[in-house]
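Structure, as structure tokens:
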Amino acid sequence: MPPMPSPRPLERVAGAHDAAVLAIARRGEPVSRAELAEALAVTPQAISKILARLMERGLMAEAGTLVLGPGKPTTLYRVVPTSRRAIGLHLTRRRLHGVVVDLTGEIIERREQEIGAPPPIPELIPALAAQARELAAQGPGELLGVGLGMPGPVDWPAGVYRGTSTPDPWRGAPIRALLAAELGLPVLLDHDSRAALVGEAWSQPDLLRNAALLLVEDGLGAALSLEGTTVRGAHFQAGEVGHTVVRMDGAACTCGRRGCAQAEYHAALAAGDEAAAARVLATVVLDLVRTVDVDRVILGGRTVYAQHETSMDAIRTALHEGFAAEPWVHVEVMLSTRGTDLIAVGAACQVLEHEYGLPQALVGPG
């Protein structure tokens with residue numbers, strides 16, 4: 001997004017408290033001041049000030065009262081989903097899928113189109129902008145910006161698509177800046193798997209505190225959340241599990257090596273061997289859990305849905321056998337709740353998180 005002025009310390013603290021209240025409210029059920037105060041370990045008077053700020057901005061509203069016994073009824077509060085909107089775009093080599101979501105991450109409208117062969121940048125940017133403009137006309141609430149998730153290495157701070165080792169018409173393009181100039185709106189650009197992780201977590205804060213999301217689309221990638229913080233890596237390439245070798249001298253990969261997980265997985269599918277493809281995913285997940293010690297693994301992406309039961313069974317079996325001697329290690333394996341909208345919704349939720357997420361510098365373990 002365009003640079004924003006750095007907030008002063010007191011503004012950062014207020015923003016963190018506001019974001020914490022919104023995170024609780026996003027779970028869906030109306031909440032009282034007392035519940036919020038207990039959850040955040042602050043006084044009811046502090047919660048009253050936070051709620052006043054959020055209500056003044058239209059982000060929260062009263063949601064009726066609850067009689068719990070003698071005395072005044074308890075006022076309940078809820079998030080206002082229609083107060084804000086964000087657009088999310090998911091770009092692949094063949095397809096453009098977009099959504100506009102409300103403040104809770106629920107889809108208001110979606111669009112999808114085939115783009116054929118990867119178009120050059122002078123054609124790609126107007127196509128992205130056209131779909132974003134269509135979605136911007138849908139739904140109530142203030143439009144915050146546009147998120148774009150795409151495969152391959154992405155320089156997240158610079159908003160530049162780094163591309164792959166094969167010929168690539170998009171490689172090195174400052175896509176975020178070009179799209180922002182075309183639309184006149186703030187734009188975020190990120191790797192599709194990291195967008196997907198945010199999309200999965202936005203409506204259920206804290207559930208994915210230590211989690212890995214394995215994304216199976218045209219390629220194979222992963223995103224990591226450790227102690228509530230998204231892991232990007234020194235070169236913004238954390239989670240590139242598709243190019244980890246699972247079979248020496250195996251199938252040729254687009255990266256120039258052999259036996260990469262991505263190449264082996266697609267080779268198995270091409271041969272009609274779903275069980276072998278599932279074992280590749282199981283190997284990747286077992287290695288991930290061994291390396292970074294997560295307690296949840298989410299499986300998502302278009303390619304995996306057709307055989308998700310086979311894949312999830314293989315992953316659960318591999319984890320059970322791999323940690324048989326360590327019964328204290330428990331890992332839950334789940335299928336994404338977002339379906340084929342996962343990455344587009346995640347890209348939109350990254351915009352919401354940029355505006356209303358918990359500042360990671362101010363919150364940590366516990």
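For the reader, a short list of remarks on this structure follows.
- Residue-count net charge about T74 - beta-carbon cut-off 15 Å; Lys, Arg +1, Asp, Glu -1: -1
- The simple spin-label model puts a point 7 Å past each Cα toward its Cβ; for R93 and E35 those points are separated by 4.8 nm.
- Relative to the longest principal axis of the Cα atoms of the chain, the long axis of helix 274-292 lies at roughly 60 degrees.
- For the listed peptides 204-216, 44-56, a ranking on the average number of other beta carbons within 10 Å per residue, highest first, reads 204-216, 44-56.
- Phi angles of region 322-337 translate, via the Karplus equation with coefficients 6.51, -1.76, 1.60 and θ = phi - 60°, into HN-Hα couplings of x, 10, 4, 8, 10, x, 7, 8, 10, 10, 8, 10, 10, 8, 3, 7 Hz per residue; Gly and Pro are given as x.
- Computed over the chain, the per-residue total of -39500 (n - 2.57) for DSSP H runs of n ≥ 4 gives a 222 nm mean residue ellipticity of -11500 deg cm²/dmol, rounded to 500.
- Classified by the C-alpha gyration tensor, region 243-317 has an oblate form. Its axis ratio a/c, with a ≥ b ≥ c, is 1.5 or above, and a/b does not exceed b/c.
- With Cα atoms, 0 to 90° folded angle of helix 192-201 axis to the chain main axis: 40 degrees
- Cα-based helix-to-principal-axis angle, 342-356 vs the chain, degrees rounded to 10: 40 degrees
- Global form of the chain, assessed from the alpha-carbon gyration tensor, a/c cut-off 1.5: oblate
- Whether region 9-79 is rounded, prolate or oblate, judged on the alpha carbon gyration tensor where a/c under 1.5 counts as rounded: prolate
- Antiparallel %, DSSP beta bridges [both residues in the chain], to 5: 65 percent
- Residues in region 22-45 reached by a label modelled at K72 [backbone nitrogen below 18 Å; 7 Å Cα→Cβ]: 31-38, 43-45
Any read-out appearing in this document is the output of simple, stated calculations on the displayed coordinates, not a laboratory observation. Note that this is a predicted model, so its numbers are computed, not measured. All Cβ positions, glycine included, derive from the backbone under ideal geometry; neighbour counts span all protein chains shown.
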